[in-house]
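*Asks:* First, the structure itself, so that you have it in front of you.
The values are calculated or read from the model by the stated rules, or taken from the named source; none is laboratory data. All figures in this text were calculated on a predicted structure; none of them were measured in a lab. Methodologically, a virtual Cβ is constructed for each residue, glycine included, from the backbone with ideal geometry; neighbour enumeration extends over all protein chains shown.
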Amino acid sequence: MRLGPYELPNRLFVAPMAGVTDRPFRQLCRRLGAGHAVSEMVTSRKELWNSLKTSRRADHAGEPGPVAVQIAGTDAEMMAEAAAYNIDRGAQIIDINMGCPAKKVCNKWAGSALMRDEALAIGIVEAVVAVCAPRRVPVSLKMRTGWCDSERNALSIARAAQSAGIALLTVHGRTREQGYKGAAEYETIAAVKAALSIPVVANGDITTPQKAREVLAFTRADALMIGRAAQGRPWIFREIAHFLATGEELPPPPTREVRGWLLEHLLEHYALYGEFTGVRTARKHIGWAVRALPGGEIFRAVMNTLDSSEAQVAAVGTFFDELAEHHSLLPQCAAANDDLLALEA
Ligand SMILES: Cc1cc2nc3c(=O)[nH]c(=O)nc-3n(C[C@H](O)[C@H](O)[C@H](O)COP(=O)(O)O)c2cc1C
C-alpha cells in the first residue's frame, strides 16, 4: 500500500507504544512481517530533545525506511518545530499523536486530550503539514474515536485533518475515557473510512489472524495496526499476512527459532540501552515472550532477580533449550489473548 511517496511492503503496522516500540523491537516486528512501524512518541518540548531518553527514541540507525516518528504536544508552533527537528534527523514520515490517554500526556493537553479541542487539534495538524509538505514528508495522524462516549468526534476531526493535508489516518476504536478497558468498537472506524479518501488504518484489540480479517472486512480499512498482541509475539504479523493471503493458519514457529529471535533482540536491546538500563528494560520483553509458555511464570520471577546481561542471556537460552527438547514448535499459549491484553493495559 502507498503512504505518500512510499510503497509499504504490506498493510500491517506495528503500533507506537512508548517504552516498547524502540528500534530493536520495531526491527524485529518488521523482520517478522510488519510492513510499517511508528516510533515511540517524541515530545515537542525542546528542552527535552537532548535528553538520553529522547535521543534513544530518535535513534533509527540501520532501520529500514520509511522512518516514521511520532510527535506529541499541545502547541502548534512547537509541534511544527518538533517535526522539522525530527526530519533533520532522518524522519521520513511524521505521525501526530492524538491517541495516547496517558495522564502525563493528557494533563498537558496533548495526546487524545487534543480531541476535545477541535480547533487546536486542527491548528496543530495544519502547522505540522506546513513544515512537512515542502520537505515532501507525509504527515499521518493517530487518534481515538473521541474523548468520551458522548463526545465521539473522530469523524469530524478526520474530515478536517484530511482537508488539512494528512496522508494517512489511524483510528483506535476506543474513546479516551475508556483507556484500554472494554472492547474496541469498529463502527466509528468504518464510518471514518467511508467518509475519507486517504488511507485509514484500523487499530484496537486485533489479536489473531481471524480477528484481523474480520476487522478488515467490517471497517473496509486500508491497513491494520497491532500493538499489545505483538508484545512477546512479534511473528503475529506474518501469521496475519499469511492468513489474509491464503485463508490458512501458519503453524506455531519452531521453538529454536523463537529462541534465536529473542536472543538477537536482547543483544540489540543491550546495545541501545547499555548494560544497567538494558538488563532492566529487557525484563518486560522476556516476560512477554515466556508468559504463556509452560514454566513461563516461574521463569519470569527468577529472571527478574538476574542483573547482568550475561546471566539474562544464559537463562533465556537455557529456558528455550529445555522447552525445545519437548516441543519442537512453540507450545500454544495457555492464556486467552483477551486476558493478555487486559494484563498489559
Ligand atoms: C504500553 C503502551 C504504550 C503506548 N504508547 C503509545 C504512544 O506513545 N503513542 C500512541 O499513539 N499510542 C500509544 N499506545 C496505544 C497503541 O498505539 C494502540 O493504539 C493501543 O494499544 C491499541 O492497540 P492494540 O489493542 O493493538 O494494543 C500505547 C499502548 C501501550 C499498551
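*Asks:* Does region 23-44 hold any residues that are closer than 23 Å to A82 by Cα, at pLDDT 95 or above and in contact with a Phe, Trp or Tyr (Cβ under 8 Å, 6 or more places away or on another chain), and which are they?
*Replies:* Correct list: H36, A37.
*Asks:* Another one. So, in region 193-218, exactly how many residues are within 15 Å of the ligand (Cβ to nearest atom) and under 17 Å from H172 (Cβ atoms)?
*Replies:* Number of matching residues: 13.
*Asks:* Given the residues T145, T219, T170, which is the only one that is surrounded by 23 or more Cβ atoms within 10 Å (Cβ to Cβ), over 21 Å from H36 (Cα atoms) and touching a residue at least 24 places away in the same chain (Cβ under 8 Å)?
*Replies:* Exactly one residue qualifies, and that residue is T145.
*Asks:* Pairs please, first residue from region 191-216 and without any contact (Cβ under 8 Å) to a residue 24 or more places away in the chain, second anywhere and assigned to a loop (DSSP other than H, G, I, E, B), Cβ atoms under 8 Å, 6+ apart in sequence or on different chains.
*Replies:* K211/D205
*Asks:* Exactly one of (1) at pLDDT 95 or above; (2) touching a helix residue (DSSP H, G or I) at 6+ places or on another chain (Cβ under 6 Å) is unmet by A314. Its number?
*Replies:* Tallying (1) at pLDDT 95 or above; (2) touching a helix residue (DSSP H, G or I) at 6+ places or on another chain (Cβ under 6 Å), A314 fails exactly one: (2).
*Asks:* Considering only region 1-97, give the helices (runs of 4 or more DSSP H) lying wholly within it that have at least 3 residues that are crowded, with 20+ Cβ neighbours inside 10 Å.
*Replies:* The qualifying helices (runs of 4 or more DSSP H) are 23-31, 76-88.
*Asks:* Here's a follow-up. Would you mind finding the one in R233, R228 that is touching an Asp or Glu at 6+ places or on another chain (Cβ under 6 Å) and within 16 Å of the ligand (Cβ to nearest atom)? Let's see the steps before the verdict.
*Replies:* Working: R233 fails: touching an Asp or Glu at 6+ places or on another chain (Cβ under 6 Å).
Of the residues listed, the single one that is touching an Asp or Glu at 6+ places or on another chain (Cβ under 6 Å) and within 16 Å of the ligand (Cβ to nearest atom) is R228.
*Asks:* What are the residues in region 89-104 that are at pLDDT below 90, more than 14 Å from the ligand (Cβ to nearest atom) and more than 14 Å from V42 (Cβ to Cβ), if any?
*Replies:* None - no residue of region 89-104 is at pLDDT below 90, more than 14 Å from the ligand (Cβ to nearest atom) and more than 14 Å from V42 (Cβ to Cβ), so the list stays empty.
*Asks:* Which one of these does C148 not meet: (1) at pLDDT below 95; (2) out of contact with any Asp or Glu (no Cβ under 6 Å at 6 or more places or on another chain)?
*Replies:* With respect to (1) at pLDDT below 95; (2) out of contact with any Asp or Glu (no Cβ under 6 Å at 6 or more places or on another chain), C148 is out only on (2).
*Asks:* Read through the list (1) surrounded by fewer than 20 Cβ atoms within 10 Å (Cβ to Cβ); (2) more than 16 Å from the ligand (Cβ to nearest atom); (3) not hydrophobic (A, V, I, L, M, F, W, C), then give the number of the only condition that K181 fails.
*Replies:* (2)
*Asks:* More than 21 Å from the chain's Cα centre (by Cα), farther than 23 Å from H60 by Cα and not small (G, A, S): does that describe F276?
*Replies:* When the stated conditions are applied, F276 does not pass them.
*Asks:* Scan region 1-60 residue by residue and report those that are closer than 21 Å to D88 by Cβ, basic (K, R) and more than 11 Å from the ligand (Cβ to nearest atom). Let's see the steps before the verdict.
*Replies:* As a first pass, look at region 1-60 and keep what is closer than 21 Å to D88 by Cβ: 3-6, 16, 22-23, 26, 37-60.
Right, trim to basic (K, R) and you get 23, 26, 45-46, 53, 56-57.
Residues satisfying the conditions are R23, R26, R45, K46, K53, R56.
*Asks:* Just one of the numbered conditions (1) assigned to a helix (DSSP H, G or I); (2) touching a helix residue (DSSP H, G or I) at 6+ places or on another chain (Cβ under 7 Å); (3) free of Cβ contacts under 8 Å to residues at least 40 places away in the same chain is not true of H285; which one?
*Replies:* (3)
*Asks:* Give region 284-303 a look and list any residue that's under 25 Å from the mean Cα position of the chain (by Cα) and not charged (D, E, K, R), or say none.
*Replies:* H285, I286, G287, W288, A289, V290, A292, L293, G296
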